[in-house]
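Only one structure is covered here, and it is reproduced in the block below.
Read the figures in this text as sums done on the coordinates, not as results from a lab. The structure displayed is predicted, hence computed values, not measured ones. Virtual Cβ from ideal backbone geometry, glycine too; neighbours counted across all protein chains shown.
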Amino acid sequence: MDLDAVRAFVAVADAGRFQDAAAELSITQQGVSKRVATLEKALAVRLFTRAARGATLTIDGQAFLPHARELLRAEERAVASVRPGRRALRVDVIGRRLAPAGLLRDFHRAHPGIELDVVTLFDADAAVDAVRSGTIDASFRAVTMPGRHLPDGIGAVRVSDEPIQVLTGPSHEFAAARSIAPARLAGHRIWMPGIVPGTEWAAYYDDLAAAFGLTIEITGPDFGTEPLLDTIADSRSLATFVGERTRLVWPADHGLRRVDLRDPTPVYPHSLIWRRDNPHPALAVLRDHLRSGRSAAHDGEVWTPSWAADEAP
C-alpha cells in the first residue's frame with residue numbers, strides 16, 4: 001500500500017479540505033487529489049464525499065481512518081528502529097561471563113540512558129564480518145595481525161589489558177601460592193579444552209606458551225565451564241588459565257584457587273572494533289568511555305603478544 005497516499009487521506013480527513021491538506025503536506029492540491037484517488041482505486045471504495053464546502057468521510061472512509069493512522073504509526077516505528085541514536089547500540093561481548101561483558105556493564109552504569117543490545121558471536125572473523133555488514137555496531141576482540149585481519153573501513157582501539165591467572169584445585173602444587181612467575185608453569189599440565197585452533201584466543205595462548213616454554217593441552221571434548229571446573233577441582237596436576245575479570249561460580253567444596261602471575265604478568269589485549277562510517281552517536285560515547293577508563297593492567301612488567309597493537313590503522 002502506498003503510504004504517501006495513506007498520509008494524504010489522513011491529512012484530508014483531519015483538515016476537511018483538500019486545499020488545507022495540500023498546504024500541510026507541502027504539495028499541490030492536485031497532488032493530494034491524485035494520491036487519494038490512487039488509494040480509493042486500490043481499496044475499490046470511495047473514501048470521501050466531495051463538495052464545494054470541503055470533503056466528508058464516507059462510511060468506508062470512517063472505517064478505514066483508524067487503520068490508516070495505525071499504518072502511519074507503524075511506519076514511524078519502523079524508521080525509528082534503524083535510525084542512529086533511536087535504536088539500541090548492538091555490541092558483541094564474546095561471552096557473558098568474560099571481561100568485555102563487565103566493561104559493557106560499567107558503560108551501562110555510567111550511561112543508563114543509552115539502550116544496549118548485547119550479543120555473543122563466536123570468533124573475531126564472525127565479529128568483523130558482522131561489524132562490516134552492519135549486523136552489529138561494535139565488538140570486543142583481541143585483534144591479531146591488524147594489517148591483514150581488519151578490512152578497510154574497520155577501526156580498532158585497545159581498551160583493556162586483562163591479567164591472566166592460573167586456576168587450580170586445592171591439592172595442586174601452586175594452590176597456596178600468592179603469585180608465581182609464568183616460567184614456573186613449564187612442565188606442568190595446563191588444560192584448556194575450549195581453545196579452538198584459528199581463533200584469536202588460540203593465537204594468544206599459542207604465543208603465551210611459546211614465550212614461557214609452556215604446554216597447553218586442548219585435547220578432550222569441551223563440555224563447558226562447569227565440567228572444566230569440576231575436573232580442575234579434583235586434580236592434583238591439572239590447572240587452567242582464566243582472565244582476572246572472568247566471572248566464575250563454583251560450589252564451596254571445590255576449593256578452587258586463583259593464582260596471580262607475576263614477573264611478568266601476561267595480559268589479554270581486549271580491543272573495541274567498529275565500522276568507521278557508523279553514525280550511531282552512542283558508539284562515540286562508548287569509545288570515549290573506554291578510552292578514559294583504560295588503566296595499566298598491573299604494576300610491574302607485563303607481557304602480551306607483539307601483534308597486540310594499541311590501535312589499528
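Some points to look at:
- Computed FRET value (nearest 0.05) for Thr219 with Ala284, which takes r as the C-beta separation and R₀ as 45 Å: 0.50
- Helical contribution to [θ] at 222 nm, DSSP H n ≥ 4, -39,500 (n - 2.57), averaged over the chain, rounded to 500: -12000 deg cm²/dmol
- Once the Cβ-Cβ distance of Leu71 and Glu115 is raised to the sixth power relative to R0 = 22 Å, the FRET efficiency obtained is 0.30.
- Neighbour cut-off at most 10 other Cβ (10 Å), DSSP loop, trypsin sites (Lys or Arg not before Pro), the stretch 124-222: Arg178
- Amide H contacts of Arg97 (H built 1.01 Å from N, under 5 Å, at least 5 apart or other chain): none
- Panel order for Lys41, Lys34, by other beta carbons found within 10 Å of each beta carbon, from fewest to most: Lys41, Lys34.
- Note, ³J(HN,Hα) from phi for the stretch 56-66, Karplus 6.51, -1.76, 1.60, rounded to Hz, x at Gly and Pro: 10, 5, 6, 4, 5, x, 5, 5, 7, 4, x
- Directionally averaged projected area (convex hull, Cα atoms, the chain), nm²: 22.9
- DSSP beta bridge pairing in the chain, given as percent antiparallel to the nearest 5: 65
- Calculated from backbone phi, Karplus (6.51, -1.76, 1.60) coupling profile of the stretch 151-157 in Hz, x at Gly/Pro: x, 4, x, 9, x, 8, 9
- Pairwise alpha-carbon distances in the stretch 154-313 exceed 19 Å for 59% of all pairs.
- In this simple spin-label model, placing a label point 7 Å from the Cα along the Cα-to-Cβ direction at both Asp60 and Arg87 gives a separation of 3.7 nm.
- Remark on Trp303: its backbone amide H falls under 5 Å from those of Thr265, Val267, a criterion applied only to residues 5 or more positions apart or on other chains, H modelled at 1.01 Å from N.
- Close amide H contacts of Leu121 (hydrogens built in the peptide plane, cut-off under 5 Å, sequence separation of 5 or more or a different chain): Val93, Ile94.
- Once the Cα gyration tensor of the stretch 208-251 is diagonalised, semi-axes √(5λ) in Å: 20, 14, 11
- Ile27 paired with Thr49, simple spin-label distance in nm, labels 7 Å along Cα-to-beta-carbon: 2.6
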